[in-house]
Amino acid sequence: MNLTKFTPAETWVILHGKDVLLRDLLKFTLLDLLLKQVLVTEEVQRQPSKKDPVMVYKYLRAGKNFATYKSKAHEDVFLSIFKKNPATSVLFRNMVKIGFEKSSSTRRYLYRVITSENARDNFKFHFFTSMFGGVRYSDKGIEIRFELQKEVKALEATLPKWMTNDKKRALEMLTQIGGNVFLLKGLDFEMARLIQDELLKEMTQQQPTTAWGSGCWSTFDTFDSSFNSSCSSDSGGWDWGGDSGCSSCGGDSGCGGCGGGD
């Protein structure tokens, strides 16, 4: 199955070419890193004073698979800050800003994705690709795109049924395709979360390095709204420009700044 070969960002670009939004590529990438337990979330409660309500803050930190994970360039927009200091924790909303700022633009981030070792054979490259962006498929890419379209369509039709009638088969498939599950339309993520809780122990014993990161499904809607509300200026499509439009991370509690360049 071709879906098992690519990260969600790679799959999304192969499927949609230049008609992608930066916020979608970043969202799928971060969710995939959480699913792989390269990064994990943690919640911290704070109450400035007894008169103030208790506030819950969501942080990201390096997960149990971080040290051994071989990252790709398009994943490093999130991981570089942890490579500099694996012990750091970053407030989630600041991590979103960091991702946008390090990406610089849709064009530059897209180039990171299509030049990855996994994806590059599916595209044609020339001097103007890196200068001005754009996507041109190779003959292999045209074929893989067609196969991915079929696989996605088939899973969108069958996976919800498996979730009801064959939960173990559904989870096995979800584990195989990893973060690409977030690309599927019409999926009941609450049901998927319940399946995860039910079979997580069994799958962890069978495949300890690919166990699903806790919190991915239950926080999907939160992540989705965060990416849509942060730096939404890419809604116009391909020519998003060179400035991410995000404000600096500095000064927000729980963030040590945006960490500079990659």
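The values are calculated or read from the model by the stated rules, or taken from the named source; none is laboratory data. Just so you know, these numbers come straight off a predicted model, no measurement behind them. Backbone-built Cβ (ideal geometry, glycine too); neighbour counts: all protein chains shown. Protein only, heavy atoms only, side chains kept; ligands, DNA and RNA dropped before computing areas. Shrake-Rupley method; radii C 1.70, N 1.55, O 1.52, S 1.80 Å.
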Open item on the list: Would region 33-83 count as rounded, prolate or oblate if I go by the C-alpha gyration tensor, calling it rounded below 1.5 in a/c and otherwise prolate when a/b exceeds b/c, oblate otherwise?
Closed with: prolate
Task: Segment Gln176-Ala73, length gained on full extension (0.36 nm per residue, minus Cα span) - done: 34.8 nm
Open item on the list: Testing the spin-label approximation: label points 7 Å from Cα along Cα→Cβ at His126 and Ile142. State their distance in nm.
Closed with: 1.6 nm
Open item on the list: Largest first, please: the extent of the C-alpha atoms of region 1-64 along each principal axis, to the nearest Å.
Closed with: 54, 28, 15
Task: Within region 1-37: backbone nitrogen closer than 12 Å to the Gln149 label point (7 Å, Cα to C-beta) - done: 15-17
TODO: Compute the distance in nm between two label points, each set 7 Å from the Cα along the Cα-to-Cβ direction, one at Glu156 and one at Thr4.
DONE: 2.3 nm
- [ ] With unit charges on the beta carbon (Lys/Arg positive, Asp/Glu negative), name the residue among Phe92, Met55, Ser104 whose Cα is farthest towards the positive pole of the charge dipole of region 22-105.
- [x] Met55
- [ ] Towards the positive end of the charge dipole of region 142-184, with charges on Cβ (+1 Lys, Arg; -1 Asp, Glu), say which of Leu183, Met163, Gln149 has the farthest Cα.
- [x] Met163
Open item on the list: Can you tell me the length gained on complete extension of the stretch Asp166 to Glu42, counting 0.36 nm per residue apart and subtracting the Cα distance?
Closed with: 41.5 nm
TODO: Go ahead and run the numbers for FRET between Asn85 and Glu117, Cβ-Cβ distance against an R0 of 41 Å, rounding to 0.05.
DONE: 0.95
TODO: Taking only protein heavy atoms into account and a 1.4 Å probe, give the accessible area per residue of region 21-173 in Å².
DONE: 51 Å²
Open item on the list: Please report the accessible area of Thr68 (heavy atoms, 1.4 Å probe, ligands and nucleic acids excluded) in Å², nearest 10.
Closed with: 120 Å²
- [ ] From largest accessible area down, sort Leu21, Leu148; use a 1.4 Å probe on the protein chains.
- [x] Leu21, Leu148
- [ ] Using a 1.4 Å probe and ignoring any ligands, DNA or RNA, find the accessible area of Glu117 and quote it in Å² to the nearest 10.
- [x] 150 Å²
